[in-house]
Amino acid sequence: EPEKPPAVPSGELRLGGKGKKLRKPRTIYSSVQLQALNQRFQQTQYLALPERAELAAQLGLTQTQVKIWFQNKRSKYKKIMKQG
């Protein structure tokens, strides 16, 4: 039986138990997806779980991708507002 790399608590795998975590490649959003995400963000900065699920299904993304996009967008928005 081939030896499996040990699982890390975050769910990521490590090679040989050492080294850097393997990450999923960065998500590239289409212009249609970005337009829809930005439009929804202008309406509300926070999505309820059913809204997130619906938006993810409409755009062909995972709920996690939508959640992270909104988190990053809120962070970027706050940073810009702080700078004036």
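The values are calculated or read from the model by the stated rules, or taken from the named source; none is laboratory data. All values derive from a computational prediction rather than experimental measurement. We place every Cβ from the backbone using ideal geometry, glycine too, and count neighbours over all the protein chains shown. When the accessible area is computed, the model is the full protein with side chains, heavy atoms only, and any ligands, DNA or RNA have been set aside. Shrake-Rupley method; radii C 1.70, N 1.55, O 1.52, S 1.80 Å.
Figures for the structure shown
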{"item": "Segment 31-83: mean projected area of Cα convex hull, nm²", "result": "3.5"}
{"item": "Heavy-atom accessible area order for Val32, Val66, largest first, 1.4 Å probe", "result": "Val32, Val66"}
{"item": "Sequence of Lys67, Lys24, Lys76 when ordered by accessible area, the most exposed leading, probe 1.4 angstrom", "result": "Lys24, Lys76, Lys67"}
{"item": "Distance in nm between pseudo-label sites at Glu54 and Ser75 (7 Å out along the Cβ direction from Cα)", "result": "2.8"}
{"item": "Tyr46 accessible area, 1.4 Å probe, all protein chains in place, Å² to nearest 10", "result": "130"}
{"item": "Flagged links, alpha-carbon separation over 26 Å, of Lys21/Lys67; Lys24/Lys76; Lys21/Lys79; Lys24/Lys73", "result": "Lys21/Lys79"}
